[in-house]
Amino acid sequence: MNPFLFNILLFLAGFVFLSGGAEFLVRGASRFAARLNVPLVVIGLTIVAFGTSLPELLVSMIANLEGGSTADISIGNVVGSNIANMALILGLVSMLRPMSVESKLLRREYPLMLIVSVAFWAMAWDGSISRIEGVLLFLGLLGFTAYSYTSSRTLPADEQAEALDYVEDVLEVESGVTWSALLRDLAFVVVGIIGLLMGANWLVDSATFMARYFGISELVIGLTVVALGTSLPELATSVVAVLRKQGDIALGNLVGSNLFNILAIVGITSMVKPLPAPLAMRTFDFPIMLAISVLPFLLVLPKPHVINRWNGTIMFLLYLTYNGWVLISGM
């Protein structure tokens with residue numbers, strides 16, 4: 001088979017296996033935890049939140065371990081995914097249906113995401129994220145998870161019920177403990193892990209081949225195509241939330257994903273091996289990531305805290321403009 005065609009197919013298969021693997025792992029682990037009477041709010045804050053970021057984690061980890069120019073896919077994937085979350089996905093779902101956002105999200109989690117994003121840029125300014133900085137980010141992840149759990153326990157009963165109904169419906173969790181059910185859930189987990197590992201390897205290898213074939217950098221591929229593909233789980237969960245008229249959950253998922261991308265993916269990846277940050281990213285892509293993160297906050301801050309279709313169109317066009325510029329300048 002022609003090498004180019006083979007790598008295109010490998011690239012697509014990588015996306016399918018990544019998305020499918022994450023879905024299998026999240027459903028299997030969530031159902032397993034629910035059968036053991038783990039509270040749904042804990043499942044939502046840990047397994048679901050972490051599971052939707054697993055494609056980015058494995059792609060970034062494998063790319064960084066391969067080293068050389070391939071390592072640029074790693075940090076490019078994180079920055080590109082954060083841009084995709086706040087511009088492409090938020091833009092598309094708010095074009096689909098205007099989103100009403102709870103003020104608590106604007107007072108707590110959203111400002112925290114902006115602070116963490118600035119810290120990420122500052123850590124990368126010297127050209128790499130060190131192991132010590134990775135440990136600090138990972139400790140931040142543990143602190144954020146504990147804070148989220150504590151906050152969720154103090155929500156009014158109706159808001160807790162709304163969030164838990166969403167998690168339960170999406171995951172289709174079941175009660176009752178039987179050996180056959182537990183084994184089925186564990187089989188989902190194993191299949192999910194295998195799919196994620198295979199998909200991540202295929203995606204990194206094929207992305208590296210295509211970057212060299214077209215004469216563009218691995219960084220550009222990571223910022224655009226790879227980042228788009230690994231953001232598909234967030235797109236799916238956000239569409240489900242907005243169709244259920246739960247805009248605060250949709251935006252909360254995206255804010256939480258951006259936090260996880262930095263705290264978990266960058267943290268864990270750089271703990272294993274220092275993560276390089278190319279100069280071009282530090283002077284262009286990081287500022288773009290911050291600007292695109294701040295803009296929805298400014299748009300939704302005035303009461304009644306709604307992101308309308310016009311706002312969504314602006315975010316979507318910004319995403320297209322950014323990706324077009326990155327691809328053209330990288331050729």
Handout entry: Members of segment 269-317 that are over 30 Å from Ser60 (Cα atoms) and charged (D, E, K, R)
Key = Lys303, Arg309
Completion exercise
(1) within 15 Å of the chain's Cα centre (by Cα); (2) at pLDDT below 85 all hold for Thr70 apart from (1)
Problem - Per-region count, segment 95-125, residues over 20 Å from the mean Cα position of the chain (by Cα), in a helix (DSSP H, G or I) and touching a residue at least 60 places away in the same chain (Cβ under 8 Å) - result: 3
Problem - Restricting segment 1-50 to residues that are crowded, with 19+ Cβ neighbours inside 10 Å, within 30 Å of Arg212 (Cα to Cα) and not hydrophobic (A, V, I, L, M, F, W, C), the residue that is modelled with the lowest pLDDT - result: Ser19
Exercise for the section: Might you check whether a residue that is touching a Phe, Trp or Tyr at 6+ places or on another chain (Cβ under 6 Å) and either at pLDDT below 80 or closer than 20 Å to Val26 by Cβ (or both) occurs anywhere in segment 111-124? Expected result: no
Completion exercise
Note on Leu320: of the conditions (1) free of Cβ contacts under 8 Å to residues at least 60 places away in the same chain; (2) in a helix (DSSP H, G or I); (3) over 18 Å from Asn77 (Cα atoms), unmet is (3)
Practice task
Identify the residue in segment 125-161 that is small (Gly, Ala, Ser) and modelled with pLDDT under 75 and, among all such residues, is surrounded by the fewest Cβ atoms within 10 Å (Cβ to Cβ).
Solution key: Ala157
Problem - Subset tally (residues that are in a helix (DSSP H, G or I) and more than 21 Å from Met113 (Cα to Cα)) for segment 283-313 - result: 3
Problem - Some residue of segment 245-261 being outside any helix (DSSP H, G or I) and at pLDDT 80 or above - result: no
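The values are calculated or read from the model by the stated rules, or taken from the named source; none is laboratory data. Note that the coordinates shown come from a computational prediction; the quantities given were computed from them, not determined experimentally. Positions of Cβ are backbone-derived with ideal geometry, glycine not excepted, and every protein chain shown enters the neighbour counts.
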